[in-house]
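Reading through the structure tokens given below for one structure.
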Amino acid sequence: MNQRFQTYIWGNSHTLLSTLAGAGLLIIASSRLAFALVACGALLWVYGLTVLTAFAAKPILPKGGIQVIFLFLSSLIGSLFLLVLWLMSPFLALRSAFIILLCPVYCMGSEIFVHLAAETLERALVKTLIDAAILGLLIIAFALIREPLGFMTLSLPGGAGQGMIELFKDDDGTALFPIRILASAGGALLLLGYGVALFNHLKKPYIQKEQ
């Protein structure tokens, strides 16, 4: 693995994975794969466009209250993503609106905007997109476990009416009933706990190598 990419994942304080700042969004958005894909797209959209807009407007931005300005800026960009999704699929936009509107909050949790003045555009963009991609891929991975076991189906964005397409449906009301706890928030927390334990286990060799 590339050393620079390793640093972003394991040793960088900016990463959402190291701080678990995105745990709440991960639990909410990973209930269905369709929502997880929307959340991943929204994260990349909000993180990337916020950094690009912030650098473009840097000469005219005031130094005081800059974090509040970035929060409003990322919220505006997130609202634009919601508008685009609404034009494509109103029902899906309605069902995933809360998830999309949470993305700007977690965008500010990446901490890159605190040090934006000292970063180049390339480094700032790479760091924020990696943060967004890590959280987005985690949400998708959780959804691929939770939805098939919890709802006996797998969904994708699109389609008429419900705003999502179910690739298959296997539900007789009794199959794998105990494992359906993964569909609940409690089950997601349990799955997150196992994920954190696995992450800490995989992180140990890297920490020992650095020491």
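Bear in mind that the values in this text are calculations on the coordinates, not laboratory data. Model, not experiment: these values are computed from the prediction. Glycine also receives a Cβ, built like all others from the backbone with ideal geometry; neighbour counts cover every protein chain displayed.
Miscellaneous remarks
- Residue ranges 148-157, 45-54 sort as 45-54, 148-157 when ordered by packing (mean number of other C-beta atoms within 10 Å per residue, highest first).
- Ranking of Met164, Met108, Met88 by count of other Cβ atoms within 10 Å, fewest first: Met88, Met108, Met164
- Fully extending the segment from Ala141 to Leu76 would add 20.6 nm, taking 0.36 nm per residue of separation and subtracting the current Cα-Cα distance.
- Taking the fewest neighbouring Cβ atoms within 10 Å as the starting point, the ordered list for Cys107, Cys40 is Cys40, Cys107.
- Dimensions in Å of segment 30-160 - Rg and Dmax from alpha carbons: 15.8, 53
- Of Leu116, Leu121, the sequence from fewest to most neighbouring Cβ atoms within 10 angstrom is Leu121, Leu116.
- Length released on extending from Ile69 to Leu167, taking residue separation times 0.36 nm less the Cα-Cα span: 31.1 nm
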